[in-house]
Structures are given as structure tokens and as C-alpha cells.
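What follows draws every value from the coordinates through simple rules; no lab data is involved. For clarity, every value in this text was computed on a predicted model and none was experimentally measured. Glycine also receives a Cβ, built like all others from the backbone with ideal geometry; neighbour counts cover every protein chain displayed.
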Amino acid sequence: MNTKIFLLLTVIVSIKSEYVNYKYHKVYTVTPTTEKEVQALLDLKNSNDFVFWIEGIKVGLENRIDVAAEKQRLFEKYVSDAGIKAELIIEDVQSLIDNQVKRSKTRNSNEYAWDYYQNLDEIYEWMNRTAEAYSSVASIINIGATAEGRPILGMVIDFKKRERPYYSVIEGGLHAREWITPATCTWIIKEFLTSNDRGVRAMAEDVVWYIFPVTNPDGYVYSFTDNRMWRKNRNPAMQTSCAHMNRPDDMSVGVDLNRNFDFLWMTVGASGNPCDITYAGPSAFSEAESLAMANLINGLQERGSLLYYLSFHSYTQLLLIPYSHVRGSDVLEADNYADLFEIGIKGMDKLTARHNTTYRVGTSADILYEVSGSGFDWAKGGAHFPLVFLFELRDTGRFGFLLPPEEIIPTSEETMDGMVEMDRVARSMGYYRGSAHSFTASGFMILLLAAMLLAK
Ligand SMILES: *[C@@H]1O[C@H](CO)[C@@H](O)[C@H](O)[C@H]1NC(C)=O
Ligand SMILES: *[C@@H]1O[C@H](CO)[C@@H](O)[C@H](O)[C@H]1NC(C)=O
Ligand SMILES: [Zn+2]
């Protein structure tokens, strides 16, 4: 680019946007132990003076609270008065952010690597180069444009093995700030194209993959340029004043894409207020990103069989099974829950074997919090993919969204191991033979009997 134009653009951009600097922001960890403490934390959250990293607040659920330096005293007094134990775990949030994007000096800048978090241009350029290099099996698909006009690009990997293919979708980066997820998705693409491991090869070649490392491109860019903690997309259509909530109006730009899918939309764990971080949008599929994904999948359904829908989020090290609003024996609302649970448990055992990272497996309502309108619940209940999982990748909160770049490769390696094992178990259950339904039915009956016995 011409240097003068570049400088001019830089000036315009820096006038337009206000980078949220997290210098000296602290992060505290708190785990409410009583309903009274839960209420005190809810009140604190509603004051909007602090940023909670986890949306749900319940007894026993560990949370992280970002505290600006000038509010540190206020925060410490509040928790101390409420008798809540809070531990300071991060001294300077900005230094962790800076560390995430630091480029190593030795490497050719044209080369993709997994030793820092790549921005959208770098990811898209790498996808383009990779598709060119593997053009017999890989191509780029553009499923639509975002509010800010960016393409939503996916990598299609198709070894053309079957006339009527098994189609699978991987969705990463739906939440902008969860940077480990695009990094892991690009690793999966690389492995599917280059690995010699038998399990990886089988998974890569028997299925036609649609892999979207950054399903929310506008939000992802914004999390680099303006606010590292951005989660939603950047749709300005519902912009309103957030002053009454003690929040900047900019908070009302954007919709939580993982609440915008048309499955039990806006029933639980979602907000109708544009100033909230879990704002579900004015209607289901109001957003370009979620609608584009649904349109793609509806098209695939006509040309083959759907197999996997894998959604990548962070953090907390969980493997979630649909549906996100059910717990206890109601988990059986997902017809093959028993199969999914077994596949998940075995997969996560293999994941742990690599770097001793432990995962919990279950529905979101059971092991995290209730959610509705998520992409992966829609994939199960709306699109009827048989094998649907949501990974909440590393870590359990030591760094949360600010996971050090040194953890990108170990996270990716263990995730791949887990996926390969999940695929092996799914095959043994008959999911590649179209005969999974008998297994599904038997698993269902066993769980149903167990649930009936428990209910008595
Ligand atoms: C890569 O980008 C170039 C330039 O925009 C484009 O012409 C080409 O078709 C892209 N390749 C793929 C595989 O999408
Ligand atoms: C693996 O992690 C568990 C806890 O998650 C810990 O108790 C154990 O010591 C770890 N093992 C190794 C070999 O690091
Ligand atoms: Zn997420």
C-alpha cells in the first residue's frame, strides 16, 4: 500500500476508535459459596463498574472479575463487606494482551505459525495460500458478508470419497474474544491436510469438512483494534443509549451470535437488552453470521448426510452436549444423548492423555449455566446433526481469554487427539453406516429406565 494512504488511514482509524487500554486492570477470582454471596455478586455485576468474565453466577461456579486500577479500592471494600473471598490473580491485564500478539523476530512474516494469536487478515491470507497449495482437496467458501462488509470465509476440505457425502461443520470464533478458538481451528485444518496419523486421515478424508475459524469476523477484528474483551458481533442496527446501565453506548452495538440461532430463541440465559453482552438480537437469525451458517447447512442437508457439528469456545475446559437448557434426566431430550456422552467421555480421556488437561462432559445447564439460541443447540434441534459438541477450550481461568500463546500448540494437539478418539468411538457405534439409530434407541432406553428408577 502507498505509504501516504496508509498513514492517512491510520490517522482516521485512530480518531474514530477508542482503544480500551487494560493497563493495570486487575483480575480477581471469586467463587460464591452461599445464595447470599451470589446475590451480592449479582448486585455488583449489575452496577456495571466491573467486567465479569463468566456470565452465569451460581454457588460453586468460579468467576473472574476485571477491576480497573481506580476501582480496586471500591471492589476490595465491597467483597470484604460482603464476606466474599476474592483472590488477585492477574496484576496487569494489558501486559497479557500484549504478550498474546507478540511476533517472534526470527520468523519469516509470510509464514503462518501457532506461536502468537493471528489477526483476521493473517488468518484469511493463510487460508487462501493453503487452499492454493492443496487445491485438489481444499477450497475457500464465502458464505456471506457481515454488517461491516467482511466476508465470512470457511475452508472446505473434500477428498471426494463418496457420492453422497457426510458433511461436517466446525465453527470457531463465534465469540470474538475467545482467541484460542480460531487458532485451534486453523491447526485442525493443517492437520486434516498434512497429518500422517491414521485416525486423523480417516476423519479428514471420510467426511467433507466446512471449517470456519472466525465465524464472527467483525467482532474478532474489533477485539484486536478496540476492545480485547469484545464478545458480540458489530451490528449497529440496535444501537441505543446504555447510560442508564452505566455502560458505554458502544456496548449496544452487536448481538451475541451464540444466542441468535433459531432454537428456543430467547427462552433462557439470553438477554433482550442490546446493552447486554448476551443480547440475543431482535429476532432469531437476525444476524448475517448465524443466518449464513444456517443457510449453508440447509443446503448441505439436501446434498448429503450431516454428521458432525463442532463448536469451539473458551474457556473452562468443558465438552458440552446439547441441549443447553436441560439438566438431570431431562438431558434425554437430545435423542442420542447416551451415545454423545460416551463419545465425549472417551474422547476427553484421550485428550487428557496428551498434556494432562482435564475436561468435564455434560450439558451446559448441568456443568456451566443455562443457555438458549446457541449455534450448537440449533445444529442438534434445528438441523439434526447426529454428532454435536461444543468445546470450551483451555484454560480453567488462570488466564481465561488471555491464554498465553505458548499454550496454542498444546491446546491444539490435545484437542485433535480428543477429536480423533471421538471419531473412532462414533464409528464403532455405527454413525458412519447410517445405522446409528438402533444404537441411539438402545442407549436412550437404558437412560430412560435409569431415569425412571431415579424418579421413584
Ligand atoms: C486467493 O486470493 C486471490 C486474490 O484475492 C484470489 O484470486 C484467489 O482466487 C484466492 N484463492 C482461493 C483458493 O480462494
Ligand atoms: C495431572 O493433573 C492432576 C489434576 O488435574 C494432578 O493431580 C496430577 O498430578 C497431574 N499429573 C501430572 C503427571 O502432571
Ligand atoms: Zn463463547
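Brief remarks follow.
- The mean sequence separation of alpha-carbon pairs under 8 Å and at least six residues apart, normalised by the residue count of region 26-99, gives a relative contact order of 46 percent.
- Summarising the label geometry, the points placed 7 Å from Cα in the beta-carbon direction at Thr225 and Thr396 lie 3.9 nm from one another.
- Taking 7 Å steps out from each Cα toward its Cβ at Ser271 and Thr34 produces label points 2.8 nm apart.
- Isolated cysteines in the chain, defined as those with no second cysteine Cβ under 4.7 Å, comprise Cys185.
- Relative packing of peptides 355-365, 213-223, 274-284 - highest average C-beta neighbours within 10 Å first: 213-223, 274-284, 355-365
- Among the DSSP helices (H) of the chain, those spanning at least 24 angstrom by Cα along their long axis with an average Kyte-Doolittle hydropathy of -0.5 or more are 337-355, 408-428, 436-455; this is a geometric and hydropathy rule only.
- Once you divide the Cα radius of gyration of region 59-183 by 2.2 N^0.38 Å, the number left is 1.56.
- Contact order normalised by residue count of region 179-255, Cα under 8 Å, 6+ apart, percent: 20
- Each residue of the chain gets 154 Å³ once the volume of the Cα convex hull is shared out per residue.
- Amide H contacts of Ala334 (H built 1.01 Å from N, in plane; Pro and chain starts excluded): Tyr323 sit under 5 Å, all sequence-distant by 5 or more or on other chains.
- Region 257-266 - phi-based ³J(HN,Hα) in whole Hz, Karplus 6.51/-1.76/1.60, Gly and Pro as x: 5, 7, 10, 9, 7, 8, 9, 6, 3, 6
- Here, region 26-99 is characterised by an Rg to Rh ratio of 0.95, where Rg is the alpha-carbon radius of gyration and Rh the Kirkwood radius.
- Difference of contour (0.36 nm per residue) and Cα-Cα distance, Ala113 to Ser428: 109.9 nm
- Relative contact order of the chain, pairs being alpha-carbon contacts under 8 Å that are 6 or more residues apart, as %: 15
- 222 nm mean residue ellipticity, helices alone, for the chain (DSSP H n ≥ 4; -39,500 (n - 2.57); rounded to 500): -12000 deg cm²/dmol
- A straight chain from Ser104 to Ser139 at 0.36 nm per residue would run longer than the Cα-Cα distance by 9.7 nm.
- In this calculation the C-beta distance from Asp81 to Ile345 is compared with R0 = 30 Å, giving a FRET efficiency of 0.10.
- Three-way shape label, region 156-293, alpha-carbon gyration tensor, a/c 1.5: prolate
- Descending by average beta-carbon neighbour count within 10 Å, the peptides 343-352, 234-243 line up as 343-352, 234-243, the highest first.
- Note on Lys161 and Tyr369: their simple-model spin labels are 4.1 nm apart, each label 7 Å out from Cα toward Cβ.
- Per-residue Cβ neighbour counts within 10 Å put Trp209, Trp378, Trp126 in the sequence Trp126, Trp209, Trp378, beginning with the fewest.
- For Glu407, Glu70, order by how many other beta-carbon atoms lie within 10 Å, fewest first: Glu70, Glu407
- This ranking places Glu302, Glu205, Glu87 by how few other beta-carbon atoms lie within 10 Å of each, fewest first, which gives Glu302, Glu87, Glu205.
- Taking amide H as placed 1.01 Å from N in the peptide plane, Val361 has its amide H under 5 Å from the amide H of Leu319, each at least 5 places away in sequence or on another chain.
- Highest-first arrangement of 127-134, 261-268, where packing means the average Cβ count within 10 Å: 261-268, 127-134
- Computed E for Tyr24/Ala202 - FRET, C-beta separation, R0 60 angstrom, nearest 0.05: 0.75
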